[in-house]
Amino acid sequence: KYKSFLHESNPTDSYCGLKIDLSIDKEYAHTIVDNKISQREFVELHTHLMGMGNADFWVTRIMRCYIPRKEKYNNKSGQSKVFYPFKNLYKATSVFNIGSVRKFSNEEGIYKEYLKEKMAYQLESLLFDNNSNSIIKSELRRNDKTDQDENIVGIYNSDLVDLLQNEESQIGNKGLLAIVRNWFQFLDSSGKFPSINDIVQTYRGNFTPRFFPMRFTMRDCIIYSCPEVLSILLNTILFRYGISGVNYIEFSVSVKDIMSNIFVNITDNVFDKKYLQLFPSHDYKDISDNTNPTEAFSYEPEWRKFINYYEKSKGQRWTFLAAFSRGQLEEYPTRLSTNHSPTNSVSEMFSYDNSDNILAYLTHDMLIANLVNEILTQSTNRSPDVTNFALLRVYASHLCDDSTITKMYGEHIKNIKNLYEDISTERVDIHRLNTYKESVVGLDWLGDENGFPFCALSHKEVNKFVLCMKQFNPKFGIRVHAGEGVMRGTTLNEEFRKYENIKVYGSISLMEYSFALHMYTLMDQIRRIIWNMICIKFEKDDKLNIIKDITHSTDDEDKEDISYSYNKFDLFSRNYHGIFEVGDINVRIGHGVAFLYGFNKDREFTFIDNKYAFNESKYDENLNSHNQEFIKDIAIFRQYVLRKYKIVCELNPTSNHMLLADSFNKEKACNTRTLKTFIAARLPVTLCTDDDGIWAIHKCKQHHFHISVPSEYCNEIENENIEDARYIDMLVYYGRKASFIDDKKVFKHKFEYENINFYEPIPDDIDWYLDIRQNEDNAEINNSSNSTNVPHIVPSEIINEDPV
């Protein structure tokens, strides 16, 4: 191939590491994607198990096929049937939910009763069509909060299926089926794929409630009665990933599910081979010779009697992230305390409200805005040199402190402690213990970010747990959903604010300052998490001495300062000139689009000696105008955090298209060219699907056979966001190296990206190329410490090598 390239081809229209204009030759780029499918090189780092499976899977296969067959088979055993309580139906059909409103006092009981009947009336008009008297039933269930039995009103799956069958017998009447299908997938009012109008008007900017809890609540009802359905789901989607060339997947699963018996059942009942002492995703040949043969035996899941079963793709591996929801907090910092001061202890800084007492219509981003208003208006004793943005940075640091996090997320910290005790003391059975060690490869912080910039994963208890897990998996990591769907403030002109009486502080509105506090809190939390991971990684390394030297403080009072860890991190990042490679720190960011805010290529980089260098001084120009100080702070975060430590952002184009109103890559609000901007900003990024079920990714625009992850690549090629053939390799490479597992254990072909900086220009000379080598002998990858940023020259022995 190299010989023919050198003597016959034009370097501008052939791919051998040279830049190629993919806007002209897109089909060649699709061929590269096809090759990666055949070699099974793709990874999926950002997906949620409960968000998988489209409407066809849940309605046709599970509700109308599997559940009726199972219930008929188990009829004599007296097992409970699948039941859908009204409280779940309210959420799934977007009927006003009484459960999300503050608790009513005794004097307001009449309003509570009226609202209950009103919701029942709305639900009846949507679903039951005058058949409600015969199908509404009650079931006795245990209330987890009160630990008491109580009667729950709802309908059984069998009755709902009968309603669907009766509807099908009526010509032209598909209203109920459309509603039920929308319980599980983003569809239009007729139950078919949504138009752009549906997406813009119904879904974008409505993470809550259109995405969560609406598309998840009925799944919970099914899993409650039939936990094996998760195994059916996993079996189905792993087969789908297999035919898409995806060889490694990390599923995000609730930490409560991981701590329950459901999790062990999921991993045990997916495929035929069951290993009591080994993680079930291993192939049979992976069992070592010294393994007791009785520990592995042929096992057929019971559910295989009722529904289709798919064989496992050879060599495919999947793991789990233990997920914590940022929206499940006990206390919310709604105000400043009466004796607040930036110099006070954190415990005296804020006043909190119990999350149950917060009105549903008073959204959490409004609470952030109220907090910002108090910070800016009540901090009257500050120095004139302290700007509003500097003040917000101080309070953001207080919001990230362990004492604040403990007060807000006490239940999450408790779960982390329990997991730590389970594993460190081995107080659980050996099978579950091995499942934890082998299959849980990281922690995940997720949920609706708007109004919830806080993150509990920087807490010291989390640090202890991560240190424990790294004994079994050195690449155990943390993923933070950040920079997703945050409102930054309107970009409409000053006339709008003037005549609509929008309050401004100087020239900046309250919403813009609220966005700034949100981002400062996110950035501070991520800094703390990375700092913790650095200390863990270098604990037994000479580099730790360098860290101590750089961050050494002789003043004992500094060690008690709330921002001490942040200051250490900042000093280390600016003064330590060692090179971190992708995957060294084991921290990833889910989405991350808000970190593109204010990016301008000409302003951020200076092109010197054929290299792009960060130019911080350009951000000092007009620093006091509008929000330039804030833009500079985000630019510094991009340089000294994301680029410095090669923190990979997981970009989900389809998810962004469905949910995000703004991707922050332009001065005006828009939602296009996000990947192109990531690449221009020299930020490590890879492509993922997020929830390939709620928004099913069946095919790309040009090819019917590209689904799931490859479809995202093909769509970005068609949209001309991937303009250089090197970037396809770059995106796949970043995904593989950023995974929380040793990629050498997953992929048969070892790909080495040596002596290349993907973002630097490559001269149009045939002697320069991207050095990608396939090592089928599973040899160790060469030490990358000798690599430089200069492209590698093609050795003569490679040019003369046999093409095979």
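The values are calculated or read from the model by the stated rules, or taken from the named source; none is laboratory data. For clarity, every value in this text was computed on a predicted model and none was experimentally measured. All Cβ positions, even for glycine, are placed from backbone atoms using ideal geometry, and neighbour counts span all protein chains on display. These accessible areas exclude ligands, DNA and RNA; they are computed on the full protein's heavy atoms, side chains included. Shrake-Rupley method; radii C 1.70, N 1.55, O 1.52, S 1.80 Å.
Spin-label pair D34-L140: with each label point 7 Å from Cα along the Cα-Cβ axis, the two points sit 6.3 nm from one another. Using 7 Å Cα-to-Cβ label points, what is the E421/S260 separation (nm, one decimal)? According to this spin-label approximation, the distance is 2.0 nm.
For the pairs K91/K312; K407/K601; K256/K407, flag any whose C-alpha to C-alpha distance is greater than 31 Å.
Details: K91/K312 35 Å; K407/K601 41 Å; K256/K407 20 Å.
Checking Cα-Cα distances, K91/K312; K407/K601 exceed 31 Å.
Annotation for the range 395-428: GluC sites (Glu not before Pro) lying in DSSP loop with at most 13 further Cβ atoms inside 10 Å of their Cβ are E426.
Computed on protein heavy atoms with a 1.4 Å probe, the accessible areas place S244, S351 in the order S351, S244, largest first. Take the Cβ atoms of D742 and K601, set R0 to 25 Å, and the FRET efficiency comes out at 0.10.
State, as an integer percentage, the relative contact order of the range 176-237 based on alpha-carbon contacts under 8 Å between residues 6 or more apart. Show your work: numbers first, answer last.
Details: 35 pairs, mean separation 15.7, N = 62.
This gives 25 percent for the range 176-237.
Extension gain, D149 to N308: 0.36 nm times the residue separation minus the Cα-Cα distance gives 53.6 nm. Zone of H698 (label point 7 Å along Cα→Cβ, backbone N under 11 Å): which residues in the range 182-203? Only 192-194 fall inside the zone, counting backbone N under 11 Å. Here r is the Cβ-Cβ distance between L164 and H577 and R0 is 51 Å; the resulting FRET efficiency, rounded to 0.05, is 0.20. Are any of the pairs K118/K305; K460/K644; K70/K475; K460/K737; K460/K611; K632/K744 more than 32 Å apart by Cα-Cα distance, and if so, which? Pairs exceeding the cut-off: K118/K305; K70/K475; K460/K611; K632/K744.
Using a Förster distance of 60 angstrom, determine the FRET efficiency expected from the C-beta separation of K618 and K414, and round it to 0.05.
On the way: r = 47 Å, r/R0 = 0.78.
The value I calculate is 0.80.
Accessible surface of D584, taken over heavy atoms with a 1.4 Å probe and every protein chain present, rounds to 40 Å². For the range 363-479, the solvent-accessible area with a 1.4 angstrom probe is 36 square angstrom per residue.
Using 0.36 nm times the number of residues separating I110 and H626, minus their current alpha carbon distance, what extension gain do you get?
Values: separation 516, 0.36 × 516 = 185.76 nm, distance 5.02 nm.
Going from the current span to full extension adds 180.7 nm.
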